[in-house]
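The values are calculated or read from the model by the stated rules, or taken from the named source; none is laboratory data. Here the structure is a predicted model, which is why all the values come from computation and not from measurement. Counting neighbours? That spans all protein chains shown, and the Cβs are built from the backbone with ideal geometry, glycine included.
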Amino acid sequence: MLSAFANSFRIPELRKRILFTLCMVVVMRIGAAIPCPGINVTVLQDYFQNVVSNQGAGSLLGLINIFSGGAMENCAISSLGIMPYISASIMLQLLTVVLPQLGKMAREEGGRQKITQYTRYLTIILCCVQGYMLALGFQNPGNNPLLPGIGSVLERANAQLVPDPGPGFIFMVVMCNMAGTMLLMWIGEQITDRGIGNGVSLVITIGIAARIPGAMAQAWQKYVAGVGDQAARNPLLLVLLLALMFAVIAGVVAVTQAVRRVSVQYAKRMVGRRVYGGQTSYLPLRVNYSGVMPIIFAQTLLMIPRFLMQVIPNPGVFVGGIIASLNNGFLYYILYSGLVLFFSYFWVATMFNPIQIGDELKKHGGFIPGIRPGQPTAEFLDYAMTRLTLAGAIFLILLAVTPQLLHQVMLVPSLTSQFFGGTSLLIIVGVMLDTMRQIETHLLQRHYEGFLRKGRLRGRATGPALGREGAGPSDESLAWLGVAVACLLLLGAVAAVMNR
């Protein structure tokens, strides 16, 4: 694997792509450190370090701060991160399924470019709305339910969060955050075209990985140095947590790579003097087809009732009990698990079309052995995907509740627990695997060994082995685990150097 990293810089084209990507990463991290004018950054950082870090793994501001790479605690020009663009992309993607006009446009030539342009326009609108709400919340922190506990921080510092509030401050914050998000969107597109990996996904991953040094420092201070709580000093527990992290990463890699290979045979047909078809292939059905989207949707919906209940000025005993249960209580875990299960099936139902796949196979002369073409094939694929989705949803539920359980039961620091599951780990592992595959493709095209040297005998077997039908992780999962862990540690080291 180390030789593969060295060979990556021996290919001129690949070297240019990697260096260009690293330069864009530096620009992203600079944007996360430049604060917007008119904000008291010292007070805001004090609030995030002493209040938000103790609110639990599911707090809204904590999640936004992680996805923005710590930009929110600086009120930086990229405080909103790339999430408005992601939200706009998801909206347009779902609308292409619901609205026939957009679905027809997506299939036409040049339709994808138009949808991409609409996504950019919608991103600007979302940036203006979210930037206005952010500025309004910072300008009136005492009346903002999204900033609980900030009053004590302001009293201790004897200062204001916004020294000069008014329309000028709101306009400045909106414009800065809109410019920062559009800059990140442009960087993501440039990385996709001229760099390595998916640019937008890398923007999110770099933001999450930038918090790794802080998470490691919190774990070290709690379990080794015993800062703030001498009873928590337990280096053995830190070792057990590291072993748990490797186990969780192994599970994420295995499930991310896991596919069910459905054998597909093509009938022979003669066109002129040539014979086409007759070969055996397979249709890969992914176990975790929906990826990280069910967790994101579930977290977003669960934050809405908590926000509305916190707005109530004098809640009674009943409403107060519901609020307490929704804040990482029993009701929270029940609703969270149910929403993750629901959105797993919802995403598969909107994005996976077995009828279209069955028609395409029938059109090209393909059929699944033992299944008649057409409608029976669609029913078989729908049945198989339903069972696979259940397995993937159960895995997502376990992965989603792990950070909250670690924070509540084992009193793991909130920032540290984020990297034991949930959206952070899924995004990092998935993006790193995709980036490593692209690098490996460049290496193999130029007759270099890839990251999986033994995979030539097992994972890259050709011939009848590709037609086997089965479920479970591929043979390359263990090797990909090493690649993912190495990249995770490398990103943490780079972020630590840049944060200095």
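Tell me, yes or no, whether region 320-327 has at least one residue that is hydroxyl-bearing (Ser, Thr, Tyr), farther than 23 Å from residue 90 by Cβ and modelled with pLDDT under 85. Yes. Being assigned by TED's automatic domain parsing to the domain that holds residue 187 and at pLDDT 85 or above: is that true of residue 68 here? Judged against the criteria, residue 68 is not a match. For residue 196, the conditions (1) assigned to a helix (DSSP H, G or I); (2) crowded, with 21+ Cβ neighbours inside 10 Å are fulfilled apart from (1). Only one entry of 174, 162, 203 meets the criterion of being modelled with pLDDT under 90 and in a helix (DSSP H, G or I), and that entry is 203. Using the structure shown, decide if residue 421 is at pLDDT below 85, surrounded by 22 or more Cβ atoms within 10 Å (Cβ to Cβ) and either under 16 Å from the mean Cα position of the chain (by Cα) or closer than 13 Å to residue 63 by Cβ (or both). Answer is yes for this residue. Contact map, region 273-284: residues that are on the phi < 0 side of the Ramachandran plot paired with residues that are among the acidic types (Asp, Glu) and at pLDDT below 75, Cβ distance under 9 Å, separation 6+ or inter-chain. Pairs shown: 282/469. Residues in region 17-33 that are in contact (Cβ under 8 Å) with a residue 60 or more places away in the chain and assigned to a helix (DSSP H, G or I): 11 in all.
Region 337-419 holds helices (runs of 4 or more DSSP H) entirely within its bounds, and those carrying 2 or more residues that are farther than 16 Å from residue 288 by Cα and of a type in the set (A, V, I, L, M, F, W, C) map to 354-363, 375-409. Can you confirm whether residue 117 is in the same structural domain as residue 27 (by TED's automatic domain parsing), surrounded by fewer than 13 Cβ atoms within 10 Å (Cβ to Cβ) and assigned to a helix (DSSP H, G or I)? Yes; evaluated as a whole, the condition is true for this residue. Residues that are among the small types (Gly, Ala, Ser), farther than 13 Å from residue 421 by Cα and either at pLDDT 85 or above or within 20 Å of the chain's Cα centre (by Cα) (or both) within region 244-268 comprise 254, 258, 263, listed in sequence order.
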